[in-house]
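The values are calculated or read from the model by the stated rules, or taken from the named source; none is laboratory data. If you're wondering where the values come from, they're calculated on a predicted model, not measured in any experiment. Heads up, the Cβs are rebuilt from the backbone with ideal geometry, glycines too, and the neighbour counts pull from every protein chain shown. Keep in mind that these areas ignore ligands, DNA and RNA; they rest on the heavy atoms of the full protein, side chains included. Shrake-Rupley method; radii C 1.70, N 1.55, O 1.52, S 1.80 Å.
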Amino acid sequence: MRSVRGQLNRFHMIQSLLIANRGEIACRIIRTAREMGIRTVAVYSDADAKALHVRQADEAVHIGPSPANESYLVGEKIIAAAKQSGAEAIHPGYGFLSENADFAQAVQNAGLIWVGPNPDSIRAMGLKDAAKKLMQDAGVPVTPGYMGDDQSVERLAKEADAIGYPVLIKAVAGGGGKGMRKVDAAADFAEMLQSCRREAKASFGNDEVLLEKWITSPRHIEVQVFGDTHGNVVHLFERDCSLQRRHQKVIEEAPAPGMNAATREELCCAAIRAAKAVNYVGAGTIEFIADASEGLKADRIWFMEMNTRLQVEHPVTEEITGVDLVEWQLRVASGEELPLKQDEIEIDGWAIEARLYAEDPAKGFLPSVGRIEVLSEMFRFGARADFGVEIGDSISPFYDPMIGKVIFHSTDRAAAIDMMKDELWAFNIWPLRTNAGFLFRCVDHSAFRAANISTGFIESFAEELIPSESTPTRVIDSALGNEILLTSEDLSDNFGEGASKALIGFRLNSAPTIRAVFHGNGQTIVADTPKFPGLDIYSHHAIRHDGGWILNDDGQNYFLSTRPNNTGQASAADGAILSPMPGKVIAVDVAEGDAVTAGQRLLVLEAMKMEHALTAPFDGTVAELNASEGGQVQVEALLARIEKAAE
């Protein structure tokens, strides 16, 4: 990345920085601060006492119990930690207190430097309804919808009818995909409104909503802007963040596919007008929704919201412009002018980012928590890996389950996608479940490669994108053809010493077919060995672990063992509905004795500030129910048991 380090600076550069965050973004900020010679201070909760960002910082201060609302969300503790450690500035990262205007003001009132926009700018853009009105006045086009003060169910339902279904309910104080619901029909409006308000209240302390027209072929395009205290504002071009699940971004790229020069110019100029309307200072993102049914056209792109902070996806902008945005943040907060003028910022090549989460796509993307015992290196194919964990670290049930981000930069989009595919193909982590296999299928999908994308992409192709929980036959076949995996010890578990010696010793001539029994992922697998063991090319990465093998199939990990009691990971009995993490039961839809169908929602668990629906695995009857609305449950607690219907 292009750097201005070492240039003569007549301003006082920040010397010590407290990072009011955790995980991947804290590690990211520490990296740049260290390169700039700035001392770093981490903060941590009980759950993060041994976390990577704590180990990397020059100093760390404990700020409270594990729940975020008792630690990372308590501004007084953050400011006290800065005073205690002698830090002169606070960088909020993203999430937590990063867009809290009152906290930003409190930091400044304490005589500390706030690495972010002015509190008034945060307030102006903090409520989506007020922000949209402000943008209209500034000449920025906004999405059709309702932003009124009347928040009654009756008025909102009436406005939804007037807008026309489908409509989008959005929390006015929302962000990060939380507090958003698409409603397809009037009959579902009241229920979806209630769910949206619950999540908004839990996440932001504000359950007010606005309504927007749901755009049929939407693309999510955003523009990175940057301002300084000298009145300069520039853009660093656009990003496309259309691949989303539950309104949370999954894969981001820059620039946006199909963006022509004229549309880019109008879009980026609109973004600068938006930033200037609130006297913006620092890094910010203007988010737009585009109706791409006829391609990207300036008159079919509307303002959605502004994020008054650094974005999770900022690395793709860094990769195509050569700019270190965190360095710019620290320089601007120190009083410097922007390091580059608009005509000095250019697009170089293409960048793509994938967010790796500890979650299980095969089980409705439920978070997967616990200790990381295996984690592959992420630099084999030239990846930039912004991670917040290492081997031995844990994913906690108290916070977002992001492991990190993988970013590739190349000459063009096709090359960047190929690099990403190769990296995800070989990714190994255990025993946590991850979305790596899901991400692989996204970037390898023909529609994605053809840039035929929208915010509904994942929903449209879900069956093709979500890996099977069962171990595919091709993984078994490939494993059996690998002499490194099938040792004499492994085979003797199945057949006895004589049979295994006869098989492993064979190389040149035809070998007898021998039936092997494998166990893993709750399955018992019977498979025949290949005719020529050891001669097939094993096309899936494999790692020896805990008396078995972790096998990789296009990013999805499976565990196999010849020992019946070794599954590598605990699995529930058929029909057992277990809590995937500690949380609160906020809805119970069934009672004991009820008949249910496969996929039917049984109950809703609130954890990690998100609602997680637990569904019936097959047709049957609720034989046991141990959950009640409002009850707190622990990880792997038996919430319900479904008895399979007689065939």
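Observations on the model:
- Considered as a group, the residues in the range 407-417 that are buried (at least 16 other Cβ atoms within 10 Å of the Cβ) and either outside any strand (DSSP E or B) or aromatic (Phe, Trp, Tyr) (or both) include one that is nearest to the chain's Cα centre (by Cα), and that residue is PHE408.
- Selection of the range 329-340 for residues being part of a helix (DSSP H, G or I), open to solvent by 10 Å² or more (accessible area, probe 1.4 Å) and under 14 Å from VAL233 (Cα atoms) yields only GLN329.
- Subset of the range 48-101 [part of a loop (DSSP other than H, G, I, E, B) and free of Cβ contacts under 8 Å to residues at least 24 places away in the same chain]: ALA49, ASP58, PRO65, VAL74
- Looking only at the range 584-627, and only at residues there that are part of a loop (DSSP other than H, G, I, E, B) and among the charged types (D, E, K, R), the one that is nearest to the chain's Cα centre (by Cα): LYS609
- Applying the criterion of at least 1 residues that are in contact (Cβ under 8 Å) with a residue 40 or more places away in the chain, open to solvent by less than 10 Å² (accessible area, probe 1.4 Å) and within 20 Å of ARG245 (Cα to Cα) to the strands (runs of 3 or more DSSP E) found wholly in the range 139-215 leaves 167-175, 209-213.
- Only one of ALA60, ALA33, ALA49 that is touching a Leu at 6+ places or on another chain (Cβ under 9 Å) and not β-branched (Val, Ile, Thr): ALA33
Table: residues versus (1) modelled with pLDDT of 95 or more; (2) of a type in the set (Asp, Glu); (3) within 21 Å of MET581 (Cα to Cα).
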position: ALA333; (1), (2), (3): yes, no, no
position: GLU337; (1), (2), (3): yes, yes, no
position: GLU344; (1), (2), (3): yes, yes, no
position: ASP348; (1), (2), (3): yes, yes, no
position: LEU366; (1), (2), (3): no, no, yes
position: SER376; (1), (2), (3): no, no, no
position: GLY382; (1), (2), (3): no, no, no
position: ALA385; (1), (2), (3): no, no, no
position: ILE395; (1), (2), (3): no, no, yes
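So that you can scan it fast, the table gives a plain yes or no per residue for (1) of a type in the set (Gly, Ala, Ser); (2) farther than 13 Å from ILE577 by Cα; (3) at pLDDT below 90:
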| site | (1), (2), (3) |
| --- | --- |
| GLY599 | yes, no, yes |
| LEU603 | no, no, no |
| GLU611 | no, yes, yes |
| PHE618 | no, no, yes |
| ALA637 | yes, no, yes |
| ALA640 | yes, no, no |
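- For the range 102-113, a residue qualifies if it is open to solvent by 10 Å² or more (accessible area, probe 1.4 Å) and either in contact (Cβ under 8 Å) with a residue 40 or more places away in the chain or among the aliphatic types (A, V, I, L, M) (or both), and the qualifying residues are ALA106, ALA110, LEU112, ILE113.
- Odd one out for GLU346 among (1) more than 20 Å from LYS249 (Cβ to Cβ); (2) under 21 Å from the mean Cα position of the chain (by Cα); (3) open to solvent by 40 Å² or more (accessible area, probe 1.4 Å): (2)
- The sole residue among GLY388, GLY404 that is in contact with a Cys (Cβ under 6 Å, 6 or more places away or on another chain) and either surrounded by 18 or more Cβ atoms within 10 Å (Cβ to Cβ) or not hydrophobic (A, V, I, L, M, F, W, C) (or both) is GLY388.
- The criterion of being acidic (Asp, Glu) and surrounded by fewer than 22 Cβ atoms within 10 Å (Cβ to Cβ) does not hold for GLU99.
- In summary, PRO119 fulfils each of the numbered conditions (1) over 29 Å from GLY227 (Cα atoms); (2) without any contact (Cβ under 8 Å) to a residue 24 or more places away in the chain with the single exception of condition (1).
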